[in-house]
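The values are calculated or read from the model by the stated rules, or taken from the named source; none is laboratory data. Bear in mind that the values here come from a model prediction, so they are computed numbers and not experimental data. When we count neighbours, we look across all protein chains shown, and the Cβ atoms used for this are built from the backbone with ideal geometry, even at glycine.
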């Protein structure tokens, strides 16, 4: 899951590529204007960095691209170029790059969370690292496939996706795939993997029709993703279900939902208010309130990324206060002001970094306020999936990886089961898979840094279990 990584950028030090806003001190002698390309080698995975530096009236300005994460035009926070020495620092995130100009290149060190990575910046383009993805299907496919368009009429959103149907069954069961947090395409592509493509191919080959689509405001779908909440995404799913009900080539009595990460929150929302949903599959779905989930998530990932005890305590403390303020605030129009006062007061009492001072501190505060006051974030923090789970009456299969650091398995699977029991639903299956991460890959640590390195897109055992469970319904 990718869950929440993209949306909590300024609050979590483990991220390498986050918001930077450039505050430049001019160097002298060498003109460093232009595009500088580098790459980080993290546990065998190469992540490319591109600094686009310009020279203007007030000195240099720059943006950063992270092509492998599909992030472009990110502003840089601070850079100092004196003589042959280049210093780029992100004190709000504990990140630094120090390089020396030698023979037309910067040879330096990138530091993050107590870890150091050698990184060379040059004007030469760097090709994307390629990995074998043996599970990714290639055409021709032994099933029917079509591009389709349907509409969320309430929100005036047009959604575009792919529908696949087995040729061996007249009216097969059908499942709608629901992606995790952040704007996702219909394949839920991340770090070179396409989990939903692999999953839909496997299910269709085994007798289950599948509808997967681009999130609103992403890919070929229309709409405004940035100003939408989990509830808005749930209405898109409901529109997908309404569309499926118009088809005559599927079993209308066996329409199900399969959600990953945030999608595992959305599926119960839809099922709890639509009796026509016959089953739901929750892949790393959350059963606890958003604030508690994010606190657990950030702590686990910071530990895996080498964060110190003091770092983790300081960040967790700040996050907890921010979340509490969002939950308790009655007036949304004043939330930015309240958050700014809180963060400023908290940093004065207990700084999260000794280097976070002056304008760097002000920018950290502004960025944190913007992220924390966003519409999606405020909704997610307050939403408790447990209450919804008590209202789900259809069949449920909730599964999680034992090494999932984004949606910790024990706390969430226990909450999901408890909610189902409280609501009187006895038709469910709960399973934790040892050795699997948030993407259900066989892994070593569960760290998001491993996702791109692992050849496997999804455990064959999980694919088989999901397919067999759906067909048993």
**Request:** Could you tell me which numbered condition residue 311 fails, if it satisfies all but one of (1) closer than 17 Å to residue 378 by Cβ; (2) part of a helix (DSSP H, G or I)?
**Result:** (1)
**Message:** So for segment 148-163 (the condition being under 24 Å from residue 442 (Cβ atoms), in contact (Cβ under 8 Å) with a residue 12 or more places away in the chain and in contact with a strand residue (DSSP E or B) (Cβ under 7 Å, 6 or more places away or on another chain)), does at least one residue qualify?
**Reply:** no
**Message:** Quick check on this structure: which one of 261, 272 is within 23 Å of residue 466 (Cβ to Cβ), at pLDDT 90 or above and under 19 Å from the mean Cα position of the chain (by Cα)?
**Reply:** 261
**Asked** Only one of (1) touching a residue at least 24 places away in the same chain (Cβ under 8 Å); (2) farther than 20 Å from residue 155 by Cβ; (3) touching a helix residue (DSSP H, G or I) at 6+ places or on another chain (Cβ under 6 Å) is not met by residue 258, so which one is it?
**Response** (3)
**Message:** Among the residues in segment 184-205, are any closer than 22 Å to residue 399 by Cβ, assigned to a strand (DSSP E or B) and touching a residue at least 24 places away in the same chain (Cβ under 8 Å)?
**Reply:** yes
**Message:** Please pick out the residue among 348, 311 that is more than 26 Å from residue 230 (Cβ to Cβ), out of contact with any strand residue (DSSP E or B) (no Cβ under 6 Å at 6 or more places or on another chain), in contact (Cβ under 8 Å) with a residue 60 or more places away in the chain and outside the structural domain of residue 224 (by TED's automatic domain parsing).
**Reply:** 311
**Request:** Could you tell me whether any residue of segment 289-306 is assigned to a loop (DSSP other than H, G, I, E, B), at pLDDT 90 or above and under 22 Å from residue 378 (Cβ atoms)?
**Result:** yes
**Request:** Determine which member of the set 137, 91, 173 is outside the structural domain of residue 458 (by TED's automatic domain parsing) and at pLDDT 95 or above.
**Result:** 137
**Asked** Here are some conditions: (1) in contact with a helix residue (DSSP H, G or I) (Cβ under 9 Å, 6 or more places away or on another chain); (2) at pLDDT below 95; (3) loosely packed, with under 15 Cβ neighbours inside 10 Å; (4) in the same structural domain as residue 232 (by TED's automatic domain parsing). Residue 192 meets all but one. Which one does it not meet?
**Response** (3)
**Item:** Residue in segment 446-472 that is modelled with the lowest pLDDT, counting only those that are part of a loop (DSSP other than H, G, I, E, B) and in contact with a helix residue (DSSP H, G or I) (Cβ under 6 Å, 6 or more places away or on another chain)
**Value:** 447
**Request:** Scan segment 419-473 residue by residue and report those that are on the phi > 0 side of the Ramachandran plot and touching a strand residue (DSSP E or B) at 6+ places or on another chain (Cβ under 6 Å).
**Result:** 435, 440
**Request:** Would you mind finding the one in 182, 161 that is modelled with pLDDT under 95 and in the same structural domain as residue 237 (by TED's automatic domain parsing)?
**Result:** 182
**Asked** Taking segment 435-468 only, how many residues are over 18 Å from residue 297 (Cα atoms) and surrounded by fewer than 17 Cβ atoms within 10 Å (Cβ to Cβ)?
**Response** 5
**Prompt:** Counting only residues that are touching a strand residue (DSSP E or B) at 6+ places or on another chain (Cβ under 7 Å) and surrounded by fewer than 17 Cβ atoms within 10 Å (Cβ to Cβ), how many does segment 75-87 have?
**Reply:** 5
**Message:** Quick check on my filter: what residues within segment 423-434 are closer than 21 Å to residue 293 by Cα and outside any strand (DSSP E or B)?
**Reply:** 434
**Request:** Any chance you could count how many residues in segment 323-345 are in contact with a helix residue (DSSP H, G or I) (Cβ under 9 Å, 6 or more places away or on another chain), closer than 20 Å to residue 295 by Cα and exposed (fewer than 13 other Cβ atoms within 10 Å of the Cβ)?
**Result:** 0
**Request:** Filter segment 224-253 for residues that are in contact with a strand residue (DSSP E or B) (Cβ under 8 Å, 6 or more places away or on another chain), assigned to a loop (DSSP other than H, G, I, E, B) and crowded, with 19+ Cβ neighbours inside 10 Å and give the result.
**Result:** 250
